[in-house]
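Below: the structure, in structure tokens.
The values are calculated or read from the model by the stated rules, or taken from the named source; none is laboratory data. Bear in mind that the values here come from a model prediction, so they are computed numbers and not experimental data. No Cβ is skipped: glycine too gets one built from the backbone with ideal geometry, and neighbour counts run over all protein chains shown.
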Amino acid sequence: MGLSSHIKKLVFGKSDPEVSFDTSKTMMIVGLGNPGKKYQETRHNVGFETIDLLALHYGIEVDRKKFGALYGQCQSGDTKLILLKPQKYMNLSGHVIATAAGFFKLDIENIIVVTDDMALVPGMIRIRKRGSAGGHNGLKDIIARLGTEEFARLRIGVGKNELQDAASFVLSRPGREEKDLIREGVKKAAEAVICWIKEGVEAAMNKFNVRNNENENITKDNK
């Protein structure tokens with residue numbers, strides 16, 4: 001059973017006859033965050049910010065309501081793109097993403113999740129084609145709901161504060177210097193997603209992970 005069939009069985013219990021997308025030509029970019037003005041511009045919402053930049057790039061609105069999310073779609077060449085912002089709290093993102101993936105009949109290699117990462121210095125990004133949740137509750141829920149770790153993820157560094165607990169830190173807004181660094185990270189993340197769309201995950205990893213090497217020692221010190 002393929003991933004899309006597996007998800008449909010989990011979410012719908014049967015296939016959806018109304019869907020007519022060509023799964024080999026549909027890709028979904030998910031930006032994680034928490035909904036509401038209270039959480040805007042917090043470290044935890046860099047995934048939403050990346051989706052906003054991509055929406056500007058492709059000239060679309062992410063304002064359709066379905067799956068417990070806001071989403072928008074467009075055609076880029078022969079590829080249909082879905083930009084998705086789950087509107088549940090981050091640790092409940094998995095059901096939203098699994099529902100959307102089942103509806104659009106997506107294969108796992110055509111999904112990428114963008115999220116924050118305290119283990120990376122502010123502004124650094126890291127792309128992986130698969131992996132564990134790494135302590136991130138949003139990714140943990142997505143893995144549980146999809147039933148696999150075999151999806152791409154792009155992490156944006158937001159740093160950490162040893163004197164502050166993790167939950168309150170990621171839900172806080174960065175100061176001016178860190179804000180500028182994180183904003184650059186979001187821009188790089190959007191560029192990396194565009195590369196993933198056009199050239200695949202390996203090309204994106206080679207191009208954008210390499211750029212981070214100069215910060216690798218700093219990152220290791222922060223882990």
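Couple of notes before you dig in:
- The number of residues in region 141-171 being under 18 Å from the mean Cα position of the chain (by Cα), in a helix (DSSP H, G or I) and of a type in the set (A, V, I, L, M, F, W, C) comes to 5.
- Residue within region 63-73 that is among the polar types (S, T, N, Q), out of contact with any Pro (no Cβ under 8 Å at 6 or more places or on another chain) and at pLDDT below 95 present: no
- Index of the failed condition, residue 181 passing every other in (1) part of a helix (DSSP H, G or I); (2) touching a helix residue (DSSP H, G or I) at 6+ places or on another chain (Cβ under 9 Å); (3) modelled with pLDDT of 95 or more: (2)
- Filter pass, residue 123 being buried (at least 19 other Cβ atoms within 10 Å of the Cβ) and small (Gly, Ala, Ser): yes
- The set of residues in region 77-129 that are under 15 Å from residue 29 (Cβ atoms) and either part of a helix (DSSP H, G or I) or out of contact with any strand residue (DSSP E or B) (no Cβ under 8 Å at 6 or more places or on another chain) (or both) comprises 93, 96, 97, 100, 101, 107, 108, 109, 110.
- Tabulated pairs, region 165-179, first hydroxyl-bearing (Ser, Thr, Tyr), second assigned to a helix (DSSP H, G or I) and surrounded by 11 or more Cβ atoms within 10 Å (Cβ to Cβ), C-beta under 7 angstrom, 6+ apart or interchain: 172/43
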